Amino acid sequence: MNTLQALGYEIRSKNAGPFSLTIDVFCRDSETFRKLATEPKLQAQAIAGVFQKNADSISIFPIEALNVIKISLPRPVVQGALHDRDMHGAQWAFILMDALLEPDRTTIDAAR
Amino acid sequence: MNAPIKVLTPTGAIGTGFSRDAFIKALLERPDVIAMDAGSTDSGPHYLGTGTTKASASILRAELRVFMQARAELGIPLIIGSCGTCGSDAGVDLMRGLCEEVALELGQVVRIASIYSEQSASIVKQALAQGRIRPLQLEHIDDALVDRCSRIVALMGVEPFIHALQDGADIILAGRSTDTAVMASLPIMRGANPGAAWHAGKILECGASCTTTPAAAVVMAAIDDTGFTIKAIGEGARLTPRSVMAHMLYENSNPHVLIEPGGVLQVEGATYTALDAQTVRVQGSVWQPSEDYTVKLEGAAPCGFQSVVMSIVRDPEYLQRFDEWLACLDSVMRQRIEKHLGIGPEDYDLQFRAIGKNSALGELESRSGTPVEIGVMAIATSATADCTKDMVALLNPYMLHFPLPGDKDLPTHAFPFSPASMDRGEVYEFVLSHVMVVADPLASFRFDIKTIQGDAR
């Protein structure tokens with residue numbers, strides 16, 4: 001079962017030129033889209049934390065017609081620079097996916 | 001209303017393969033131009049740094065032959081942008097050589113335009129002095145940085161293509177171009193709606209990526225006064241309003257706006273309507289001409305000579321205490337390199353990547369586990385080939401035998417081959433993200449337009 005079937009969304013990242021990274025969150029349906037569009041972990045502040053960037057460098061485009069949330073940011077490392085580890089930038093999507101999958105701390109605290 | 005202008009894009013990049021059956025089928029629809037590109041920055045700074053081409057010359061030649069035959073049969077132009085992966089002059093000349101060979105072989109009389117996009121350091125420094133260089137994602141630029149670049153290219157818009165077409169070119173082999181300009185040029189020359197032409201160019205640029213059947217399709221856009229119709233062609237080929245619209249997301253920071261030389265394409269108000277399972281109609285894209293005409297610059301500069309040494313750690317005890325082992329190895333190697341080579345930390349770069357642990361994401365990696373084995377990749381870079389060679393010589397025995405603290409027996413890790421090191425030569429980095437304001441869209445590009453007499457016998 002792929003992630004879109006299992007979780008209701010799929011995340012892909014890719015270079016947008018050597019200096020930018022763009023992440024697309026493909027939602028299965030409009031319900032998932034509406035839920036994720038307001039998800040705190042997909043807001044600029046939280047994404048900036050995950051990628052160690054300033055929140056004002058994160059752009060978020062909710063595209064209702066496609067049920068896609070597009071997130072663009074400066075590439076964590078310039079493409080192909082000495083310390084770049086992933087020439088096409090596709091693995092950064094998994095960090096965001098892991099952040100979304102991580103149990104919400106406030107929910108855990110509330111359950112205690 | 002003018003007749004629609006049909007642009008056929010058989011592949012996202014020449015040299016990477018395409019569906020010949022679909023291409024032959026598409027020719028029956030009588031396109032007005034065959035257009036595609038041959039490169040992008042996506043493969044990294046090596047290609048621009050060295051001016052070399054990623055694709056195989058023999059594969060490029062074989063594909064070019066098919067496109068040149070089709071072009072001649074239909075009597076239409078063939079346009080190839082960003083020749084040679086990075087758009088270097090050498091990349092254009094490589095394609096030109098192949099093109100001339102094929103023309104002779106096929107006995108074609110063909111007018112070929114080469115358009116060169118490399119920029120000399122003096123041109124860029126002059127523009128800098130005149131305040132005509134503006135930053136995009138990188139602020140820093142000065143004369144020294146421009147001089148450091150081994151190669152700078154400017155991305156051309158539609159005007160150089162139109163200039164060559166008006167000069168009667170049958171085949172255009174262009175240096176670095178915006179992906180979209182390659183496809184948008186002929187429709188714009190013939191007076192199609194510019195918003196539709198640029199938007200169609202963006203959707204076509206990766207070939208069949210905008211379809212739901214990318215393996216078996218080629219794409220063709222028919223651009224007219226009010227919009228464009230995009231069609232997936234091939235056995236079972238399909239596209240949908242969603243797949244077409246989604247392509248605006250691809251490798252693009254802003255899904256609604258595309259900044260091009262001479263203007264901005266706005267697609268937020270565009271509508272996408274399925275006409276049938278292979279065809280989508282797109283209307284409402286808007287082209288806004290900008291006040292200044294700018295060309296984007298790309299530049300790559302050398303940043304040292306690099307070698308890689310690879311070793312595989314399989315011993316379970318070492319895997320248990322891997323972080324401790326790697327930290328010790330890192331520290332010991334830095335001491336030895338600095339002591340034996342008489343250099344300081346600022347004179348070299350040494351990295352260890354733990355493949356199987358976090359080599360793709362480094363410190364941002366959020367998961368951990370106990371792998372069966374870990375590949376340790378040491379990457380050594382310094383200003384000279386000799387110094388890097390010495391670093392590798394020092395690394396070699398340690399990568400093979402480095403023990404855990406307290407381990408009296410010397411372990412032997414796995415070297416996958418002999419020699420254990422891989423010399424990567426001089427490596428490069430992208431250092432420019434700037435635009436240059438120009439008064440004339442053609443001024444930054446050089447043209448060589450000649451007719452080849454393939455049947456001179």
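The values are calculated or read from the model by the stated rules, or taken from the named source; none is laboratory data. Small disclaimer: the values here were computed from a predicted structure and weren't measured. Backbone-built Cβ (ideal geometry, glycine too); neighbour counts: all protein chains shown.
Does B:Val431 qualify as being touching a residue at least 60 places away in the same chain (Cβ under 8 Å) and within 23 Å of the chain's Cα centre (by Cα)? If you could, list the steps in order and put the result at the bottom.
Numbers: touching a residue at least 60 places away in the same chain (Cβ under 8 Å): yes; within 23 Å of the chain's Cα centre (by Cα): yes.
Yes.
Just to verify a result, which residue in the stretch B:120-154, among those that are touching a residue at least 40 places away in the same chain (Cβ under 8 Å), assigned to a helix (DSSP H, G or I) and under 23 Å from the mean Cα position of the chain (by Cα), is nearest to B:Pro302 (Cα to Cα)? Explain how you work it out, then say what you get.
Pass one, the stretch B:120-154, residues touching a residue at least 40 places away in the same chain (Cβ under 8 Å): B:123-124, B:127, B:132-138, B:141, B:145-146, B:148-154.
After this cut, where a residue has to be assigned to a helix (DSSP H, G or I) as well, the list is B:123-124, B:127, B:145-146, B:148.
Filter once more, keeping what is under 23 Å from the mean Cα position of the chain (by Cα): B:124, B:145-146, B:148.
Details: B:Val124: 18, B:Leu145: 11, B:Val146: 12, B:Arg148: 7 Å.
Filtering the stretch B:120-154 for residues that are touching a residue at least 40 places away in the same chain (Cβ under 8 Å), assigned to a helix (DSSP H, G or I) and under 23 Å from the mean Cα position of the chain (by Cα), the one nearest to B:Pro302 (Cα to Cα) comes out as B:Arg148.
Is there a residue being loosely packed, with under 15 Cβ neighbours inside 10 Å and modelled with pLDDT of 95 or more anywhere in the stretch B:372-380?
In the first step, residues of the stretch B:372-380 are kept if they are loosely packed, with under 15 Cβ neighbours inside 10 Å; the result is B:372.
Next, only the ones that are modelled with pLDDT of 95 or more stay: B:372.
Yes - at least one qualifying residue is present in the stretch B:372-380.
Return yes or no: is B:Ser418 part of a loop (DSSP other than H, G, I, E, B), farther than 30 Å from B:Phe305 by Cα and among the polar types (S, T, N, Q)? It would help to see each step written out before you state the result.
Values: part of a loop (DSSP other than H, G, I, E, B): yes; farther than 30 Å from B:Phe305 by Cα: no; among the polar types (S, T, N, Q): yes.
Judged against the criteria, B:Ser418 is not a match.
I'm checking my understanding of the structure. Among residues of the stretch A:15-49 that are touching a Lys or Arg at 6+ places or on another chain (Cβ under 6 Å) and among the hydrophobic types (A, V, I, L, M, F, W, C), which one is surrounded by the fewest Cβ atoms within 10 Å (Cβ to Cβ)?
A:Phe19
Answer yes or no: is there a residue in the stretch A:2-18 that is in contact with a Pro (Cβ under 9 Å, 6 or more places away or on another chain), within 14 Å of chain B (Cβ to nearest Cβ) and not in a loop (DSSP other than H, G, I, E, B).
Step one: list which residues in the stretch A:2-18 are in contact with a Pro (Cβ under 9 Å, 6 or more places away or on another chain), which gives A:18.
Pick out the ones that are also within 14 Å of chain B (Cβ to nearest Cβ) and you get A:18.
Now narrow it down to the ones that are not in a loop (DSSP other than H, G, I, E, B): none.
So far as the stretch A:2-18 goes, no, none of its residues is in contact with a Pro (Cβ under 9 Å, 6 or more places away or on another chain), within 14 Å of chain B (Cβ to nearest Cβ) and not in a loop (DSSP other than H, G, I, E, B).
What are the residues in the stretch A:50-95 that are farther than 23 Å from A:Cys27 by Cα, loosely packed, with under 15 Cβ neighbours inside 10 Å and facing chain B (nearest Cβ under 9 Å), if any?
Those that are farther than 23 Å from A:Cys27 by Cα, loosely packed, with under 15 Cβ neighbours inside 10 Å and facing chain B (nearest Cβ under 9 Å): A:Gln52, A:His83.
Within the stretch B:45-102, which residues are under 19 Å from B:Thr178 (Cα atoms), among the polar types (S, T, N, Q) and in a helix (DSSP H, G or I)?
Hits for the stretch B:45-102: nothing passes.
Condition (residue is more than 28 Å from A:Pro62 (Cβ to Cβ), of a type in the set (S, T, N, Q), assigned to a loop (DSSP other than H, G, I, E, B) and touching a residue at least 12 places away in the same chain (Cβ under 8 Å)) applied to the stretch B:275-289: is it met by at least one residue?
yes
Do the conditions hold for A:Asp98, that is, is it free of Cβ contacts under 8 Å to residues at least 40 places away in the same chain, within 10 Å of chain B (Cβ to nearest Cβ), surrounded by 13 or more Cβ atoms within 10 Å (Cβ to Cβ) and over 30 Å from B:Gly299 (Cα atoms)? Reasoning before the result, please.
On the way: free of Cβ contacts under 8 Å to residues at least 40 places away in the same chain: yes; within 10 Å of chain B (Cβ to nearest Cβ): yes; surrounded by 13 or more Cβ atoms within 10 Å (Cβ to Cβ): yes; over 30 Å from B:Gly299 (Cα atoms): yes.
Criteria met by A:Asp98.
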